[in-house]
């Protein structure tokens, strides 16, 4: 599936179609392998609806337009398709993008509620904030598996499995054992009873969660941006309900001492403290430093930042203070962009400098 923040809109759109019409009438597009410079990596998915709408677009260029047209054909035929874009096929389409890479996509029709069951299992995994692995068995001897791909979703246990052949599952288990968690999605092949099967192995993690402590306009703007990025967003106020809460954000009232008991604060959580009161900021930071949150930021001037650092000499570099990348931000909107950008860079292991000054791959 997609990076964690893209799953939710794709899932909501698919489930909405099923609930309204009783049948889905859509196609799921998944990149199964890439080579060289491409617009997305293996595992990225897009939903193509019968009316032509695209959910979680893969790119804006010609491959996407061609893929969307082929998805309509897949819906008509009710059979999956494998389409390669590269030097040996559809090369003209890739030349127009200027990327220089090659890729293969799986296009599968979604026609009934049963076709969505594996998505429901992924949603269950995410809701429990577990890590897991999704295996998609999509081709046999270079032909798309018919009538549908088969999948195995494993967390602490198997949450979904429609791969009926137990001997084939044992081979897949061996492939899973050799895949370190967090590794990029990859295509694997196994040979079973003289036939070669193609698998896509993907590590799935819980959605990124952002906790914002504060009730100012800046806190609300950061929450709105967080929601646009697809992050689970919680606003924390120490004592009173907030007005005009951004739609989709959760709100809790919690003093520092109760924060950990009311929130799931794990290592896929980021937290930003912005109450604009030094003593209160220090109290919340003290509580948050006792949790495994990965990014912990607090806004403030250089002088205020020095006071906060002095209050936590044993923080071991965990505090990002002042929070945000140095982009010259001044307004609350610009400050929200700077903070969100720093969180993105931190989570991707990047420094946040100009892409024009680096030679490393753009995508993590």
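The values are calculated or read from the model by the stated rules, or taken from the named source; none is laboratory data. Quantities reported herein were computed from a predicted structural model and do not represent experimental measurements. Every residue, glycine among them, receives a Cβ derived from its backbone with ideal geometry; neighbour counts consider all protein chains shown.
Take the range 32-55 and flag every residue that is in a loop (DSSP other than H, G, I, E, B), more than 18 Å from residue 75 (Cα to Cα) and within 21 Å of the chain's Cα centre (by Cα).
Passing the criteria: 37, 38, 39, 40, 41, 42, 43, 44.
Return the only residue of 14, 27, 18 being part of a helix (DSSP H, G or I), modelled with pLDDT of 85 or more and closer than 14 Å to residue 110 by Cβ.
14
Would you be able to say whether some residue in the range 344-360 is within 23 Å of residue 289 (Cα to Cα) and touching a helix residue (DSSP H, G or I) at 6+ places or on another chain (Cβ under 6 Å)?
Within the range 344-360 (the criterion being within 23 Å of residue 289 (Cα to Cα) and touching a helix residue (DSSP H, G or I) at 6+ places or on another chain (Cβ under 6 Å)), the answer is no, since none of the residues qualifies.
Take residue 104 and tell me if it is crowded, with 18+ Cβ neighbours inside 10 Å, outside the structural domain of residue 253 (by TED's automatic domain parsing) and assigned to a strand (DSSP E or B).
Answer is yes for this residue.
Conditions tested, residue by residue: (1) over 21 Å from residue 69 (Cα atoms); (2) assigned to a strand (DSSP E or B); (3) assigned by TED's automatic domain parsing to the domain that holds residue 24; (4) touching a helix residue (DSSP H, G or I) at 6+ places or on another chain (Cβ under 9 Å).
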| residue | (1), (2), (3), (4) |
| --- | --- |
| 118 | yes, no, yes, no |
| 121 | yes, no, yes, no |
| 126 | yes, no, yes, yes |
| 134 | yes, yes, yes, yes |
| 147 | no, no, yes, no |
| 171 | yes, no, yes, no |
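Taking strands (runs of 3 or more DSSP E) that fall entirely within the range 213-327, which contain at least 1 residues that are modelled with pLDDT of 95 or more?
Ranges flagged: 232-237, 269-273, 295-298.
Would you pick out the residues in the range 283-328 that are under 27 Å from the mean Cα position of the chain (by Cα) and free of Cβ contacts under 8 Å to residues at least 24 places away in the same chain?
Of everything in the range 283-328, those that are under 27 Å from the mean Cα position of the chain (by Cα) and free of Cβ contacts under 8 Å to residues at least 24 places away in the same chain turn out to be 317, 326, 327.
Before we move on, is residue 254 surrounded by 19 or more Cβ atoms within 10 Å (Cβ to Cβ) and more than 22 Å from residue 126 (Cα to Cα)?
In short, yes.
Condition first: touching a helix residue (DSSP H, G or I) at 6+ places or on another chain (Cβ under 8 Å) and at pLDDT below 85. Now tell me which residues in the range 30-62 satisfy that.
39, 59, 61, 62
Which of (1) in contact (Cβ under 8 Å) with a residue 24 or more places away in the chain; (2) under 26 Å from residue 40 (Cβ atoms); (3) not in a strand (DSSP E or B) is the odd one out, the single condition residue 159 does not satisfy?
Result: residue 159 passes all but (3).
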